[in-house]
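Step one of this worksheet: look at the structure below.
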Amino acid sequence: MNLISGRLKVVAVVLFVFSAAINLLTIDLASANAQPTPAGCTLPEYRQFDFWLGDWDAFDVDGPTTVVARIHVERILNGCVLQEDYEGADGLKGRSFSIYDASRKVWHQSWVTNRGQLLVIEGVSQAGAMVLNGVDRTTDGREKRVRGTWKAVDGGVRETAVTSMDSGKTWHPWFDLLFRPHKL
């Protein structure tokens, strides 16, 4: 009788361990097949810059027939960040990352280039336009204020930029671009 009850105990332990292993495997498989938790970038403010998304050819407003750059803007990182890839006809390549910072209620953009340039600008959506401001430096170290404005226009987006060398007392045009959908 002791031999049979001993064997029953072993069988019971084996069945218990086997059952526990099956349960763990089922939980791991369910976790692996589960959809990722949606990102926290669901506020309407995260979509204020969506008009800029797309594959674009850029033209100087003063020369609307000559492509000066190719720009591709897409959402990355679960839709939280806009990434811009810029390729200018003059060899300038750049990339920007734009994100809405909900904690400060501002848009932030960091722009970097193949020429070692960095520009950090921030701002808000105003009357349907995105207006971002920042401080840049000239090659000799002087402070240069920068303001960029993006606005949806008929058939595209217009980006204008101005600079100030006197702390914003006067502003001068930097560039004025019109983005139109890229044609193959």
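Can you tell me which residue is nearest to the chain's Cα centre (by Cα) among those in the range 45-65 that are more than 19 Å from A161 (Cβ to Cβ) and part of a strand (DSSP E or B)?
It comes out as G54.
Do we have any residue at all in the range 78-85 that's under 21 Å from the mean Cα position of the chain (by Cα) and under 16 Å from L177 (Cα atoms)? I'd like the intermediate steps shown before the answer.
Going residue by residue through the range 78-85, those that are under 21 Å from the mean Cα position of the chain (by Cα) are 78-85.
From what's left, under 16 Å from L177 (Cα atoms): 84-85.
So far as the range 78-85 goes, yes, one or more of its residues are under 21 Å from the mean Cα position of the chain (by Cα) and under 16 Å from L177 (Cα atoms).
Does G116 satisfy the criteria of being out of contact with any Ser or Thr (no Cβ under 7 Å at 6 or more places or on another chain) and surrounded by 17 or more Cβ atoms within 10 Å (Cβ to Cβ)?
Considered against the rule, which asks whether it is out of contact with any Ser or Thr (no Cβ under 7 Å at 6 or more places or on another chain) and surrounded by 17 or more Cβ atoms within 10 Å (Cβ to Cβ), G116 comes out as no.
From the list G155, G128, G141, pick out the single residue that is without any contact (Cβ under 8 Å) to a residue 24 or more places away in the chain and at positive phi.
Exactly one residue qualifies, and that residue is G141.
Of the residues that make up the range 54-72, is at least one of a type in the set (D, E, K, R), exposed (fewer than 15 other Cβ atoms within 10 Å of the Cβ), free of Cβ contacts under 8 Å to residues at least 40 places away in the same chain and at negative phi?
No, that holds for no residue.
Taken together, the values in this text are just the output of simple stated rules run on the coordinates, not laboratory data. Keep in mind that what you see is a predicted model, and the values were worked out from it rather than measured. Note: ideal-geometry Cβ built from the backbone for every residue, glycine included; neighbour counts use all protein chains shown.
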